[in-house]
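A.B. asks: Let me give you the structure first, and then I'll get to my questions.
The values are calculated or read from the model by the stated rules, or taken from the named source; none is laboratory data. Please read all numbers here as calculations on a predicted model, not as lab measurements. Here the Cβ positions follow ideal geometry from the backbone for every residue, glycine too, while neighbour counts run over all protein chains shown. Just so you know, the surface numbers come from the protein's heavy atoms only, side chains and all, with ligands and any DNA or RNA stripped out. Shrake-Rupley method; radii C 1.70, N 1.55, O 1.52, S 1.80 Å.
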Amino acid sequence: MDKKRDILDMEPDELAEALKALGYPSFRAKQVYKWLYSGCLDFSSMTNLPKDMRVKLSEEFTAGGLRIANKHVSKVDGTRKYLLELHDGNIIESVLMKYHYGYSACLSTQVGCRMGCAFCASASLGFVRNLTVGELVAQVLSIMNDIGDRIGHLVLMGIGEPFDNYDNVMRFLRRVNREDTLNISYRKMTVSTCGIVPKILEFAREGIPVNLSVSLHAPDDEIRRRTMPVARSWSMDELLKACNEYTRITSRRITYEYSLIEDVNDSPEHARTLAEKLKGTLCHVNLIPVNTVEGIDFSKSSRERTEAFKKVLEKYGIAVTVRRELGSDIMAACGQLRRNTLMMEPKKV
Ligand code: SAH
């Protein structure tokens with residue numbers, strides 16, 4: 001095991017302290033910080049530092065410790081999918097999407113996931129460990145480096161449950177928001193949870209205006225418990241109560257994610273049940289025709305059923321959109337690339 005500290009895991013004042021202890025003046029810490037957050041993760045390339053300091057830094061520290069193991073670029077829309085290898089050989093995946101407003105990176109928060117959603121490509125592969133703050137930061141910096149451009153938006157919707165790695169995720173959000181790091185506005189960040197109620201309430205009180213998405217995927221407890229084990233811990237009533245409390249505290253609109261699975265949760269009756277529960281609340285529903293995953297017996301709802309579902313919600317005055325699919329030719333959806341890679345090389349799980 002590597003005994004070096006990950007420099008990206010350290011807060012600015014911690015780094016300043018560590019460099020001071022090594023005998024460097026404080027402006028050196030600022031220089032190092034500037035290099036790191038401009039995407040330079042190789043100490044030997046930090047050309048305005050004395051040579052012996054560059055050597056010392058690489059003896060003492062690592063910087064994120066991850067490398068791009070594989071990359072797919074969509075020919076259809078330019079979406080990029082990255083398989084990233086961590087220092088311990090584990091792999092995660094991240095996706096970069098290009099919108100008219102700029103680049104948005106979809107990040108993983110854990111190696112694997114323990115939430116076990118029935119339709120998810122990552123569920124059956126199990127949970128390995130949380131990502132560190134340094135690894136979360138390195139995901140963004142590695143992608144930034146690869147494209148040679150700034151990333152303005154972040155969505156924590158890759159592999160893992162962000163609220164199951166709550167403290168690191170909060171530190172990460174605060175870190176990349178800083179002016180002396182990536183200066184990404186909180187309003188351009190989104191965290192997605194499968195519905196861990198106490199953490200939604202804690203998040204409401206963090207005092208950072210980051211967007212919240214909640215994966216609902218069902219109109220009632222019976223269906224939700226069948227597809228999402230987390231629903232056995234908290235009922236939909238409890239979940240929606242927490243969401244409304246979040247809105248009351250933050251005045252922010254929640255996005256509910258709803259993956260449409262044919263004949264499971266996509267009938268007009270299901271739409272009415274859902275609408276009755278959401279009407280009058282400050283929310284937005286994002287409908288996603290479910291992505292089929294090899295070995296999982298679910299089908300995508302047809303365009304007609306998706307439209308019919310949408311119309312019912314609209315009749316109740318609920319804001320609703322259908323998510324555009326990006327990167328369909330490169331398995332950009334939801335953990336599919338990692339799943340396929342691990343299935344081919346099971347030793348890495
Ligand atoms: N654990 C978090 C974030 C990661 S998953 C969460 O549950 O919100 C990001 C989103 O993709 C979630 O809404 C999740 O339910 C959804 N998702 C997972 N597998 C999917 C699939 N096969 N098709 C469509 N959406 C899926």
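A.B. asks: Might you work out the accessible area of Cys194 for me, using a 1.4 Å probe with all protein chains in place, and round it to the nearest 10 Å²?
C.D. replies: Approximately 10 Å² for this residue.
A.B. asks: Which residues' amide hydrogens lie under 5 Å from the amide hydrogen of Phe127, considering only partners 5 or more residues apart or on another chain, with H built in the peptide plane?
C.D. replies: Cys113
A.B. asks: Shifting gears a bit: To the nearest 20 debye, what charge dipole does the chain have about its Cα centre, counting +1 at the Cβ of each Lys and Arg and -1 at the Cβ of each Asp and Glu?
C.D. replies: On the way: 50 positive and 45 negative charges, 130 e Å.
Approximately 620 debye in magnitude.
A.B. asks: Report the gain in length on full extension from Lys311 to Arg272: 0.36 nm times residue separation, minus Cα-Cα distance, nm rounded to one decimal.
C.D. replies: Numbers: separation 39, 0.36 × 39 = 14.04 nm, distance 1.01 nm.
Stretched fully, the Lys311-Arg272 segment lengthens by 13.0 nm.
A.B. asks: Collect residues whose amide H, placed 1.01 Å from N in the peptide plane, falls under 5 Å from the amide H of Val285; neighbours closer than 5 in sequence don't count.
C.D. replies: Tyr256, Ala319, Val320, Thr321
A.B. asks: Which one of Ala21, Ala275, Asn286 is farthest out on the positive end of the charge dipole of the chain, using unit charges on Cβ (Lys, Arg +1; Asp, Glu -1) and the Cα centre as origin?
C.D. replies: It is Ala21.
A.B. asks: Hey, another quick one. Given the DSSP H assignment, sum -39500 (n - 2.57) over each helix run of at least 4 residues in the chain and divide by its residue total; what's the result at 222 nm in deg cm²/dmol, nearest 500? Let's see the in-between values first.
C.D. replies: Details: 11 runs with 122 residues, N = 349.
Calculated at 222 nm, the ellipticity per residue is -10500 deg cm²/dmol.
A.B. asks: Would you kindly work out the equivalent ellipsoid of the stretch 32-159 from its C-alpha gyration tensor and give its semi-axes, the square roots of five times the eigenvalues, largest first in whole Å? Walk me through the intermediate numbers first.
C.D. replies: Numbers: eigenvalues 158, 75, 24 Å².
Semi-axes (√(5λ), whole Å): 28, 19, 11.
A.B. asks: Full extension from Arg205 to Thr47: what is 0.36 nm times the residue separation minus their Cα-Cα distance, to one decimal in nm? Write out the running numbers ahead of the final one.
C.D. replies: Values: separation 158, 0.36 × 158 = 56.88 nm, distance 4.24 nm.
Value of the extension gain: 52.6 nm.
A.B. asks: Now for a different question. Are there chymotrypsin sites (Phe, Trp or Tyr not before Pro) in the stretch 87-163 that DSSP marks as loop and that have at most 10 other Cβ atoms within 10 Å, and which are they? Write down the numbers at each step before the final one.
C.D. replies: Values: sites: Tyr99, Tyr101, Tyr103, Phe119, Phe127, Phe163; in loops: Tyr101, Phe119.
Taking the stretch 87-163 and a limit of 10 other Cβ atoms within 10 Å, the loop chymotrypsin sites (Phe, Trp or Tyr not before Pro) found are Tyr101.
A.B. asks: Quote the relative contact order of the chain in percent (integer), defining contacts as alpha-carbon pairs under 8 Å separated by 6+ residues. Don't skip to the end; give the middle numbers.
C.D. replies: Values: 643 pairs, mean separation 52.7, N = 349.
Taking the mean separation of contacting Cα pairs over the length of the chain, I get 15 percent.
A.B. asks: Simple spin-label model, 7 Å along Cα-to-Cβ: Arg171 to Lys98 in nm?
C.D. replies: 3.5
A.B. asks: Same structure again: Scan around Thr62 for amide H atoms under 5 Å from its own, H built in the peptide plane at 1.01 Å from N, and keep only partners 5 or more places away or cross-chain.
C.D. replies: Arg5, Asp6, Ile7
A.B. asks: For the chain, what ratio Rg/Rh do Cα atoms give with a Kirkwood hydrodynamic radius? Walk me through the numbers before you get to the answer.
C.D. replies: Working: Rg = 21.2 Å, Rh = 21.3 Å.
Rg/Rh for the chain comes to 0.99.
A.B. asks: Can you compute the FRET efficiency between Arg303 and Asp180 using 1/(1 + (r/R0)^6), with r the Cβ-Cβ distance and R0 = 41 Å? Round to the nearest 0.05.
C.D. replies: Numbers: r = 47 Å, r/R0 = 1.15.
The calculated FRET efficiency here is 0.30.
A.B. asks: Now, a different point. Separation of the stretch 236-271 and the stretch 168-215 by C-alpha centroid, Å?
C.D. replies: Spelled out, the Cα-based centre of one part sits 19 Å from the other.
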